[in-house]
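The block underneath contains the structure these notes are about, expressed in structure tokens.
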Amino acid sequence: MPVDDGWELIVVHTSSSRMKKHQEIVRSNRTAIMGILNVTPDSFSDGGLYNSLETAVQRALQMVDEGADIIDIGGESTRPGHAPVSADEEMRRVIPVIRAVREAVGDRALISVDTYKAEVARAAIHAGADWMNDIWGLRRDPQMAVAAAELGCPVVIMHNREVASYEDLMPDVLRDLRQSIEIAKQAGMRDEQIILDPGIGFAKTHEENLIVMNHLEEIVAMGYPVLLATSRKRVIRHTLDLPVDELVEGTAATVAVGIVKGCRIVRVHDVRLIKRTVMMSDAIVYSDVNSIQ
């Protein structure tokens, strides 16, 4: 990684402290909120809005104030038809932001780096990130799982496929996720580092996305925390026939369903508004019936 631009990489959280904070989030009786911070020019709903260091930090602080437990920072768009970027360019975008956000938020929130490149992920963790969020489920870059094992950080393993063709949708999705888990285990990752993501909006048709949403409990039953990332996605836009800036209610509906089905983390753009949905859903799901008898 280039270091001639004044980047002085530091490890803010040790592996043990990082995992302690992670476990506090995934084991609590409330759903964690991951706020999305895209520092890209071409993301589908907020590309170009937070490209400067100042606006990125302001947005991160705003989301933490609104209730985000994790800030997910990404430097490469994953929208359909996006142009891939090099590891060097991705690091140029995200590393300064990660360092600045870490300094600004302190221990108020965890930081996740949204990347499938091991080189970027390593640099991000050393710059102050806590999690890796891999949209290719450790399959695109074979060094991702190795890096996670060595650094001892949690990793979001998302379901994805090069070819979106299924013989039997849910069994195939579960099989793909098991294969990603096996990659993680072979690299030396521990169970407590693994978070699963059903990959809504990736390698699935509109109908297939809805089916996966309706069967999220099957992924939850695999025994790992599940992160649900549906915010402003095409499945909501197509269902409601609305523009991207009018999808809060649709996103809230998917979040509520996800929480009821056992998802522990939700990844969203509109933290303040979705926080209300999360709180109400949690109040129902985690209520103790014995307390009112």
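The values are calculated or read from the model by the stated rules, or taken from the named source; none is laboratory data. What you are looking at is a predicted structure, and each value in this text was computed from that prediction instead of being measured. Quick reminder, even Gly has a Cβ in these numbers, built from the backbone with ideal geometry, and neighbours come from all protein chains shown.
Look at Ala129 and say whether it is of a type in the set (A, V, I, L, M) and either assigned to a helix (DSSP H, G or I) or closer than 13 Å to Glu76 by Cα (or both).
On the way: of a type in the set (A, V, I, L, M): yes; either assigned to a helix (DSSP H, G or I) or closer than 13 Å to Glu76 by Cα (or both): no.
Judged against the criteria, Ala129 is not a match.
Restricting attention to the range 61-100, report how many residues are more than 18 Å from the chain's Cα centre (by Cα) and either closer than 23 Å to Arg237 by Cα or of a type in the set (Gly, Ala, Ser) (or both).
6
Look at the range 151-176 and say how many of its residues are over 20 Å from His206 (Cα atoms) and in contact (Cβ under 8 Å) with a residue 12 or more places away in the chain. Lay out the reasoning, then the answer.
Taking the range 151-176 and keeping what is over 20 Å from His206 (Cα atoms), we get 151-157, 175.
Applying the additional criterion that residues be in contact (Cβ under 8 Å) with a residue 12 or more places away in the chain yields 151-157.
Selection size over the range 151-176: 7.
Counting only residues that are part of a helix (DSSP H, G or I) and modelled with pLDDT of 95 or more, how many does the range 257-293 have? Walk me through how you get there before you give the answer.
Narrowing the range 257-293 to residues part of a helix (DSSP H, G or I): 257-260, 271-285, 289-292.
When the remaining residues are screened for being modelled with pLDDT of 95 or more, the result is 257-260, 271-285.
Going through the range 257-293 one residue at a time, the tally reaches 19.
Take the residues of the range 127-144 that are more than 27 Å from Gly106 (Cα to Cα) and in contact with a helix residue (DSSP H, G or I) (Cβ under 7 Å, 6 or more places away or on another chain): which is surrounded by the fewest Cβ atoms within 10 Å (Cβ to Cβ)? Spell out how you get there, then give the answer.
Applying the first criterion (more than 27 Å from Gly106 (Cα to Cα)) to the range 127-144 yields 136-143.
So of that shortlist, the ones also in contact with a helix residue (DSSP H, G or I) (Cβ under 7 Å, 6 or more places away or on another chain) come out as 137-139, 141, 143.
Values: Gly137: 27, Leu138: 29, Arg139: 20, Asp141: 19, Gln143: 15.
Among those residues, the one meeting the criterion is Gln143.
Leu196 - would you say it is buried (at least 16 other Cβ atoms within 10 Å of the Cβ), touching a Phe, Trp or Tyr at 6+ places or on another chain (Cβ under 6 Å), at pLDDT 95 or above and not charged (D, E, K, R)?
In short, yes.
If I go through the range 103-121 residue by residue, how many of them are free of Cβ contacts under 8 Å to residues at least 40 places away in the same chain and part of a helix (DSSP H, G or I)?
Kept after step one, since they are free of Cβ contacts under 8 Å to residues at least 40 places away in the same chain, are these residues of the range 103-121: 103, 106, 116-118, 121.
This time we only want the ones that are part of a helix (DSSP H, G or I), so: 103, 118, 121.
Number of matching residues: 3.
Among Arg190, Arg237, which is surrounded by 16 or more Cβ atoms within 10 Å (Cβ to Cβ) and either of a type in the set (A, V, I, L, M, F, W, C) or at pLDDT 95 or above (or both)? Explain how you work it out, then say what you get.
On the way: Arg190 fails: surrounded by 16 or more Cβ atoms within 10 Å (Cβ to Cβ).
Among Arg190, Arg237, only Arg237 is surrounded by 16 or more Cβ atoms within 10 Å (Cβ to Cβ) and either of a type in the set (A, V, I, L, M, F, W, C) or at pLDDT 95 or above (or both).
How about the range 23-39: which of its residues are at pLDDT 85 or above and surrounded by 13 or more Cβ atoms within 10 Å (Cβ to Cβ)? Break it down stepwise before answering.
The first filter runs over the range 23-39 and keeps only residues at pLDDT 85 or above, leaving 23-24, 28-39.
Listed by number, the residues that qualify are Gln23, Ser28, Arg30, Thr31, Ala32, Ile33, Met34, Gly35, Ile36, Leu37, Asn38, Val39.
Out of all the residues in the range 132-161, which are touching a Ser or Thr at 6+ places or on another chain (Cβ under 9 Å) and assigned to a strand (DSSP E or B)?
Correct list: Met132, Asn133, Asp134, Val156, Ile157, Met158.
Restricting to the range 183-213, count the residues that are in contact (Cβ under 8 Å) with a residue 40 or more places away in the chain and more than 20 Å from Val155 (Cβ to Cβ).
Summing the residues that are in contact (Cβ under 8 Å) with a residue 40 or more places away in the chain and more than 20 Å from Val155 (Cβ to Cβ) in the range 183-213 gives 6.
Suppose we keep only residues that are within 21 Å of Asn133 (Cβ to Cβ) and among the small types (Gly, Ala, Ser) within the range 240-292. Which one would you say is surrounded by the fewest Cβ atoms within 10 Å (Cβ to Cβ)?
Selected residue: Gly262.
For the range 218-255, how many residues meet the condition of being out of contact with any helix residue (DSSP H, G or I) (no Cβ under 9 Å at 6 or more places or on another chain) and assigned to a helix (DSSP H, G or I)?
2
Return the residue satisfying two criteria in turn: it lies in the range 256-280 and is touching a residue at least 60 places away in the same chain (Cβ under 8 Å) and farther than 16 Å from Val26 by Cα, and of such residues it is nearest to the chain's Cα centre (by Cα).
Across the range 256-280, the extreme among qualifying residues is Val268.
Would you check if Leu177 is within 16 Å of the chain's Cα centre (by Cα), farther than 20 Å from Asn38 by Cα and assigned to a helix (DSSP H, G or I)?
Values: within 16 Å of the chain's Cα centre (by Cα): yes; farther than 20 Å from Asn38 by Cα: yes; assigned to a helix (DSSP H, G or I): yes.
Answer is yes for this residue.
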